[in-house]
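Reviewing the structure listed below.
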Amino acid sequence: MTTREKPLVIITRKLPAPIEARMCELFETRLNETDRPLEQPELVAAVREADVLVPTVTDRIDRAVIEQAGPRLKLIANYGNGVDNIDVEAALARHLFVTNTPNVLNEDTADMTMALILAVPRRLVEGGMRLVSGEGWPGWSPTWMLGRRIWGKKLGILGMGRIGTAVARRAKAFGLEIHYHNRRRVSPKTEAELGATYWESLDQMLARIDIVSVNCPSTPATFHLLSARRLALIQPHAFIVNTARGEIINEKALVRLLEENRIAGAGLDVFEEEPAIDRRLLRLAEQHRVVLLPHLGSATIEARIDMGEKVIINIRTLMDGHRPPDRILPGGY
């Protein structure tokens, strides 16, 4: 693979200590001790020198970066499930392998999705903040801080992949009625298990459900999949939850509908321009119209260690002369 005894692996962000320690044992490893996101010139310098680059969702590995890759670079081992931060076509054109870390954060992301599905209609954050805000709690009242029941409501899942299916299993246990839209219909066995209703038309599903859960990957085809036109189809009493990627929703259109009370509320773990957050969304959060979280979907110790182990397996497999198990295939992202 290289004339070095060990491949040079450059990691763009700070990873869990056990993963960094293991990588340093196995490879010539360059760490990011400060955890500061790298600027584009630094990413270019990394791909010119490295045998393996380990980026994260915060690193934009675009065509301009990839085209300056040095002859040693063989693998971009993304530390994350999605690869929307990488120009996969440009990488494949340079005969570079691109890998991700699938199937290790499904349950954690589904847990976070379910937490938001509960938190937004039941006003959990608003109620908790009331206790510490200094406003005081007047005590129990039959009419104070009433939320919405979720049992019996229609949940519309946008993207019935592994995470969407994990969300559906949790939601069914809470008594929600499962509806979904997906590129492909899931198996009859899965539909029967979940009691799920498939909607070929996303428009028709959106107009009929009570809670929308966004769980599809970010691709060119899903950019603003929930467009201004589609968001306007959602019923005024409905809620939106997004733990996938911010750009799947037209965020400006969503804000307008929330401000105009044409959607009941939202729970967002991701944002279109993150880490920047629209100031109007922050105001809505202050008004308890939305629940905002700082991209915590996979933020468990277990998930982040499992992700790192996937990265290590992909690197070692390539070092051994085999194709990495989690490689992204042409057209497969």
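Name the single residue, out of those in the stretch 178-192 being open to solvent by less than 80 Å² (accessible area, probe 1.4 Å) and over 13 Å from Ser213 (Cα atoms), that is nearest to the chain's Cα centre (by Cα).
Among them, the one singled out is Val186.
Can you tell me which of Gly267, Gly246 is farther than 23 Å from Ile11 by Cβ, modelled with pLDDT of 95 or more and in contact with a strand residue (DSSP E or B) (Cβ under 6 Å, 6 or more places away or on another chain)?
Criteria check complete, one pass: Gly267.
Hey, among the residues in the stretch 62-72 that are open to solvent by 10 Å² or more (accessible area, probe 1.4 Å) and of a type in the set (A, V, I, L, M), which one's farthest from Met307 (Cα to Cα)?
Once the filter is applied, the top-ranked residue is Ala64.
Conditions first: (1) within 25 Å of Asp62 (Cα to Cα); (2) touching a strand residue (DSSP E or B) at 6+ places or on another chain (Cβ under 9 Å); (3) open to solvent by less than 40 Å² (accessible area, probe 1.4 Å). Glu20 passes all but one, so which condition is the exception?
(1)
Looking only at the stretch 143-165, count every residue that is closer than 21 Å to Leu124 by Cβ and either in contact (Cβ under 8 Å) with a residue 60 or more places away in the chain or within 18 Å of the chain's Cα centre (by Cα) (or both) and tell me the total.
Looking only at that region, the number is 2.
If a residue has to be under 19 Å from Ala285 (Cα atoms) and surrounded by 10 or more Cβ atoms within 10 Å (Cβ to Cβ) to count, how many in the stretch 129-139 make the cut?
Matching residues across the stretch 129-139 total 4.
Give me the residue from the stretch 140-177 that is outside any strand (DSSP E or B) and of a type in the set (Val, Ile, Thr) and, out of that set, most open to solvent (accessible area, probe 1.4 Å).
Selected residue: Thr143.
Quick check on my filter: what residues within the stretch 40-58 are assigned to a loop (DSSP other than H, G, I, E, B) and either open to solvent by 10 Å² or more (accessible area, probe 1.4 Å) or more than 28 Å from Asp320 (Cβ to Cβ) (or both)?
Thr56, Val57, Thr58
Could you check, for the stretch 90-103, whether at least one of its residues is without any contact (Cβ under 8 Å) to a residue 12 or more places away in the chain and more than 20 Å from Leu8 (Cα to Cα)?
yes
For Ala77, state whether it is open to solvent by less than 60 Å² (accessible area, probe 1.4 Å), in contact (Cβ under 8 Å) with a residue 24 or more places away in the chain and more than 29 Å from Thr222 (Cα to Cα).
No: the conditions fail for Ala77.
The values are calculated or read from the model by the stated rules, or taken from the named source; none is laboratory data. A quick note: this is a predicted structure, and the numbers were derived from the prediction, not measured. Neighbour counts run over all protein chains shown; Cβ positions are idealised from the backbone, glycine included. SASA here: full protein model, heavy atoms, side chains in, ligands and nucleic acids out. Shrake-Rupley method; radii C 1.70, N 1.55, O 1.52, S 1.80 Å.
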